[in-house]
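The values are calculated or read from the model by the stated rules, or taken from the named source; none is laboratory data. This is a predicted model, so every value here is computed, not measured. Note: ideal-geometry Cβ built from the backbone for every residue, glycine included; neighbour counts use all protein chains shown.
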Amino acid sequence: MRRTFIALTFSLLISTGLAQQGPSHLSDAALSAEFEKITSAHHGHLAVYAENLKTGQTAAFDADEPVQTASVIKLAILFEAARQIRNGRASFGEKLILEKNNQVDGSGVLAELNTPHTLTLADTLTLMVILSDNTATNLAIDRLGIDHINQTIQSLGLKNTWLYKKIYVPATGPMPSDQPKFGLGKTTAREMATVMQHIVECRLDPAAAPSPTDGPICGRILTMLRHQQDRDSLPRYVEVVDTSEEGSAIGNKTGALDHVRNDVAIFSTKNGPIIISAFTWDNKDERWTGDNEAEQTLGKVGAAVLKAWSPPGLDPKSLNWENPLASAK
């Protein structure tokens, strides 16, 4: 009775801004065992947390193990940007100036542009997400502030998630003793799923219900994640159709280092929105190719979750990507 009630009313609670928490968690032991099976076949380590936001089902394996974030920490930066925009301390249209001394190596395109170059904050965040642009990330960190980002993370009740520094810039000031081990940032699979859940449910202030004006802000953020161009990990075996016309059913943010492959995603499915947060490390396969073993392993995780919780498959229309506080289209 309680479970049926939750399943029927949760969408209404979200749309009216009354849901401060999801439905009661119902552990799926069979899917957790499948995660362990996938891990045993992988030449490296894997941590996973998955949750169906409609049914309350959860599954996990080593979900509370602290891990390197790599670029997945950009989700926390994105969430802080949405918070500051909500509170009037930032705007999507404000201008940021790219200077030569801001440009850093690695993923993205901004390091290749002539400077000075003017971008909006929306441009910067979009590049940070869809191309994982490192220079854009540092611009966003400078604008939003590392301290503000970490304070927001802590306000969500997260104890093991931190952004330590900018990308390819030495850490400055007093640092936690574990910073050299984790590098850019630290998290757990469960905690980064929490960040994604706050974006998907548009809960930008843990202490208050969402307001109607929050919906379009979250919608722009979700659209960025939906357009993320690296589809070789969690979406690998499930997003098998051309999404250019109807749009993707998956929004995600990946992160990669030589021995690390991570992906945190929202799957819009025929059985409700599903969050999957998966991290691999100490991977034997360090190739930067599409058939990297860790990326295949993450693909198996995505496929296992979809098979267990939504056998009919994905449905891009079951989530309102432009305004998650409104009903699905």
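See the values below:
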item: Criterion: more than 17 Å from Thr161 (Cα to Cα) and touching a helix residue (DSSP H, G or I) at 6+ places or on another chain (Cβ under 7 Å) - qualifying residue of Leu98, Leu113; result: Leu98
item: Cys218 touching a Cys at 6+ places or on another chain (Cβ under 9 Å) and at positive phi; result: no
item: Among (1) small (Gly, Ala, Ser); (2) in contact with a Gly (Cβ under 8 Å, 6 or more places away or on another chain); (3) surrounded by fewer than 24 Cβ atoms within 10 Å (Cβ to Cβ) - the single one Gly313 does not satisfy; result: (2)
item: Residue in the range 268-278 that is surrounded by fewer than 24 Cβ atoms within 10 Å (Cβ to Cβ), within 24 Å of Leu53 (Cβ to Cβ) and without any contact (Cβ under 8 Å) to a residue 12 or more places away in the chain present; result: no
item: Yes/no for Ala136 being part of a helix (DSSP H, G or I), small (Gly, Ala, Ser) and more than 17 Å from Gly255 (Cβ to Cβ); result: no
item: Residue in the range 177-191 that is surrounded by the fewest Cβ atoms within 10 Å (Cβ to Cβ), counting only those that are in contact (Cβ under 8 Å) with a residue 60 or more places away in the chain and of a type in the set (Gly, Ala, Ser); result: Gly183
item: Residue, farthest from the chain's Cα centre (by Cα), within the range 105-129, restricted to residues that are crowded, with 19+ Cβ neighbours inside 10 Å and of a type in the set (Val, Ile, Thr); result: Thr124
item: Any hit, the range 102-114, residues being among the charged types (D, E, K, R) and at pLDDT below 95; result: yes
item: Odd one out for Asn52, checked against (1) closer than 27 Å to Phe182 by Cα; (2) buried (at least 22 other Cβ atoms within 10 Å of the Cβ); (3) under 17 Å from the mean Cα position of the chain (by Cα); result: (1)
item: Scope the range 141-174; condition closer than 25 Å to Phe92 by Cβ and in a strand (DSSP E or B); matching residues; result: Leu163
item: Unmet criterion (only one of (1) at pLDDT 90 or above; (2) under 22 Å from Ser155 (Cα atoms); (3) surrounded by fewer than 22 Cβ atoms within 10 Å (Cβ to Cβ)) for Ile221; result: (3)
item: Hits in the range 112-148 - residues which are in contact (Cβ under 8 Å) with a residue 40 or more places away in the chain and of a type in the set (A, V, I, L, M, F, W, C); result: Leu121, Ala122, Leu125, Met128, Val129, Ile130, Leu131, Leu139, Ala140, Ile141, Leu144
